[in-house]
Amino acid sequence: QVQLVESGGGSVQPGESLTLSCTASKSFFSAATMVWYRQAPGKERELVAGITKGGSTNYADSVKGRFTISRDNAKNTVHLQMNTLKPEDTAVYYCYGAGVTGTVWGQGTQVTVSS
């Protein structure tokens, strides 16, 4: 069974940066579209950024210009570089993969932005 292993969450002050990473098995990752979602307390889960197997990306309007999604196919890992973080970016961030064998969610990692 495919698993997604996330890392990189934490607590930072407004304006600081964090990088989230999500690693999958090679057989799944190489053909998968990878997406980061987030869910803040009391709110619905929302798409943050996605990247196809070919490298095409898309972003939520709220993070354009601040967040960058990238993938390292050699390491079966997708990264989310988050700059100029704001308190409203506070949420649990989830990695999601959609591949030829199905879909899978990561366990989530907490990001807290607070002064």
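The values are calculated or read from the model by the stated rules, or taken from the named source; none is laboratory data. Source: prediction; values computed, not measured. Cβ sites come from the backbone with ideal geometry, for glycine too, and all protein chains shown count toward neighbours. Surface accessibility is based on the protein's heavy atoms, side chains included, excluding ligands, DNA and RNA. Shrake-Rupley method; radii C 1.70, N 1.55, O 1.52, S 1.80 Å.
Selection within segment 77-112: residues that are in contact with a helix residue (DSSP H, G or I) (Cβ under 9 Å, 6 or more places away or on another chain), under 17 Å from TYR37 (Cβ atoms) and of a type in the set (A, V, I, L, M). The member of this set that is most open to solvent (accessible area, probe 1.4 Å) is VAL104. The single residue among LYS43, LYS64, LYS53 that is farther than 28 Å from GLY15 by Cβ, outside any strand (DSSP E or B), of a type outside the set (A, V, I, L, M) and open to solvent by 10 Å² or more (accessible area, probe 1.4 Å) turns out to be LYS53.
Set side by side, the residues ALA31, ALA74 differ, and just one is touching a strand residue (DSSP E or B) at 6+ places or on another chain (Cβ under 7 Å), part of a loop (DSSP other than H, G, I, E, B) and open to solvent by 20 Å² or more (accessible area, probe 1.4 Å), which is ALA31.
Checking each residue in segment 59-97 for being of a type outside the set (Gly, Ala, Ser) and on the phi > 0 side of the Ramachandran plot picks out ASN76, THR84.
Checking each residue in segment 1-28 for being farther than 18 Å from SER115 by Cβ, more than 15 Å from the chain's Cα centre (by Cα) and either open to solvent by 20 Å² or more (accessible area, probe 1.4 Å) or acidic (Asp, Glu) (or both) picks out GLN1, VAL2, SER25, LYS26, SER27. Within segment 87-115, the set of residues being assigned to a loop (DSSP other than H, G, I, E, B), at pLDDT 95 or above and either of a type in the set (Val, Ile, Thr) or in contact with a Lys or Arg (Cβ under 8 Å, 6 or more places away or on another chain) (or both) comprises just one member, THR90. Residues in segment 34-58 that are touching a strand residue (DSSP E or B) at 6+ places or on another chain (Cβ under 6 Å) and either basic (Lys, Arg) or on the phi > 0 side of the Ramachandran plot (or both): ARG38, ARG45.
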